[in-house]
Each structure stands twice: as C-alpha cells, then as structure tokens.
Amino acid sequence: MDVLEIYRESGALLTGHFLLKSGKHSPYFLQSAAVFQYPRHARVLGEALARHFADLEVDFVIGPAIGGVILAYVVAEHLGVRGIFAEKDGNGGMFIRPGLVAERGERFLAVEDVVTTGGSVRRAIEAAEARGAELVGVGAVVDRSQHPLDFGVPFRALARFPVESYDPPECPHCQRGEPLVKV
Ligand SMILES: [Zn+2]
C-alpha cells in the first residue's frame with residue numbers, strides 16, 4: 001500500500017511553510033484529517049496498522065485527540081478491542097475523560113496519525129499509564145522523524161516520510177520572509 005499516494009490523492013500532502021505541533025517549521029504538512037474524511041481510507045489504514053500488532057494481546061487502543069481519535073477507533077475495530085482517546089488537559093499534559101475505560105493491569109497500544117517527535121502520543125501514553133495500564137506498542141500511519149523514535153516498546157509506522165524540519169532560528173523559509181501557517 002502506498003500511504004503517501006493516499007495522502008496525495010486526498011489532498012492531504014500540503015506544501016508551504018508550516019509551524020508543526022512540535023514547534024518546528026517545515027515545508028510539508030500531512031493533513032491526516034483530509035485522509036480520514038474518507039471512511040474507506042481510514043479502514044484500510046487502520047487494518048494495515050492493526051496487522052503489525054496482531055500478535056500482541058491488547059485490551060484497548062488509545063490515540064491523542066484530535067489526530068489520533070479516528071485512527072485509534074479503526075485500529076481497535078480490527079483488533080476487536082476498545083478504542084479511546086486522550087485530550088489536552090490545559091497544563092501541557094493529556095487526560096482521559098470519565099467513562100472511557102482504561103484500567104490498572106490492562107495492556108494498550110498507542111497510535112497517532114503522524115509522528116515527528118512523538119510528543120503527542122507520549123502524552124496520551126502517560127494519560128493511560130496514569131490509570132495503571134501498560135503500554136505494549138506504538139503505531140503511526142506516517143513516521144516523519146529525522147531520528148529513530150524510541151518508546152521502549154515495538155514502534156511500527158506504515159510509511160516513513162522524514163522531511164526536513166527546522167528550529168525557527170535556522171528556518172530558511174523564515175529567512176526568506178515566507179508567511180508561517182500554524183497547523
Ligand atoms: Zn520558518
């Protein structure tokens with residue numbers, strides 16, 4: 001499966017000058033919501049990612065809101081388990097809202113659409129660990145990281161797209177005065 005072709009075809013591969021969630025600037029942005037607006041794409045990607053973790057026994061899948069909500073759901077659907085999400089708590093962390101089940105001793109998989117530094121998925125992991133659950137794997141649709149990410153458990157991505165991203169002082173697009181788009 002050509003994941004990046006799905007992004008291109010969905011109009012989800014944007015070019016310009018973007019401020020990523022990680023704080024870095026990049027000439028590319030992958031707008032996964034444009035892919036996931038098509039349930040058929042979401043299902044295919046969710047199934048492909050779930051296959052990587054079929055041998056791990058998990059009790060639930062969690063993703064960071066907003067990007068990880070639909071992905072966690074479709075991966076969970078294929079694994080036959082619960083799919084939940086964590087959301088920002090306003091203090092730099094994430095929480096799991098009451099009523100979503102994540103319990104002590106349960107094993108979970110954490111997923112995110114696109115990882116660059118892995119910051120968002122790590123905060124979702126911490127939210128589930130705060131409930132006493134145990135991380136057993138991390139999955140992403142696209143791995144944009146320039147250096148291998150280490151979560152201490154198996155990490156699998158459907159595609160690698162390690163494009164340049166810059167700390168703001170070194171950004172050539174800033175130096176050329178190109179307007180920055182927050183994403
Ligand atoms: Zn810049």
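Just one of the numbered conditions (1) over 16 Å from the mean Cα position of the chain (by Cα); (2) basic (Lys, Arg); (3) over 21 Å from residue 23 (Cβ atoms) is not true of residue 156: (1). Being under 17 Å from residue 73 (Cα atoms) and under 15 Å from the mean Cα position of the chain (by Cα) is the requirement here; does residue 112 meet it? Taking the combined requirement at face value, the residue satisfies it. Here is a check on your reading of the model: is residue 7 surrounded by fewer than 17 Cβ atoms within 10 Å (Cβ to Cβ) and modelled with pLDDT of 95 or more? Taking the combined requirement at face value, the residue does not satisfy it.
Could you please find all residues in the range 73-86 being aliphatic (A, V, I, L, M) and closer than 14 Å to residue 101 by Cα? Result: 76, 81, 84, 86.
Within the range 140-183, the set of residues being in a strand (DSSP E or B) and under 25 Å from residue 65 (Cβ atoms) comprises 140, 141, 142, 143, 155, 156, 157, 158, 159, 160, 181, 182.
Given the criteria within 16 Å of the ligand (Cβ to nearest atom) and more than 19 Å from residue 33 (Cβ to Cβ), does residue 118 qualify?
On the way: within 16 Å of the ligand (Cβ to nearest atom): no; more than 19 Å from residue 33 (Cβ to Cβ): yes.
No, not satisfied.
Counting only residues that are closer than 30 Å to residue 176 by Cβ, in contact with a strand residue (DSSP E or B) (Cβ under 7 Å, 6 or more places away or on another chain) and surrounded by 20 or more Cβ atoms within 10 Å (Cβ to Cβ), the range 27-46 holds 3 of them. Considering only residues in the range 80-100 that are in contact with a strand residue (DSSP E or B) (Cβ under 8 Å, 6 or more places away or on another chain) and assigned to a loop (DSSP other than H, G, I, E, B), the one that is nearest to residue 35 (Cα to Cα) turns out to be 81. It is to be established whether one or more residues within the range 46-61 are over 17 Å from residue 111 (Cα atoms) and modelled with pLDDT of 95 or more. No; the residues of the range 46-61 include none that is over 17 Å from residue 111 (Cα atoms) and modelled with pLDDT of 95 or more. Candidates in the range 128-183 are the residues that are more than 10 Å from the ligand (Cβ to nearest atom) and among the acidic types (Asp, Glu); of these, the one that is surrounded by the fewest Cβ atoms within 10 Å (Cβ to Cβ) is 150.
From the list 77, 103, which one is farther than 23 Å from residue 23 by Cα and not in a loop (DSSP other than H, G, I, E, B)? Even if it seems obvious, please write down each step before you answer.
Numbers: 103 fails: not in a loop (DSSP other than H, G, I, E, B).
Going through 77, 103 in turn, just one is farther than 23 Å from residue 23 by Cα and not in a loop (DSSP other than H, G, I, E, B): 77.
Looking at 108, 29, 18, can you tell me which residue is of a type in the set (A, V, I, L, M, F, W, C), within 16 Å of the ligand (Cβ to nearest atom) and touching a Leu at 6+ places or on another chain (Cβ under 7 Å)?
Result of the check over 108, 29, 18: 29.
The values are calculated or read from the model by the stated rules, or taken from the named source; none is laboratory data. Keep in mind the model is a prediction, meaning the values are calculated, not measured. So basically every Cβ, Gly included, is an ideal-geometry build from the backbone, and we count neighbours across all protein chains shown.
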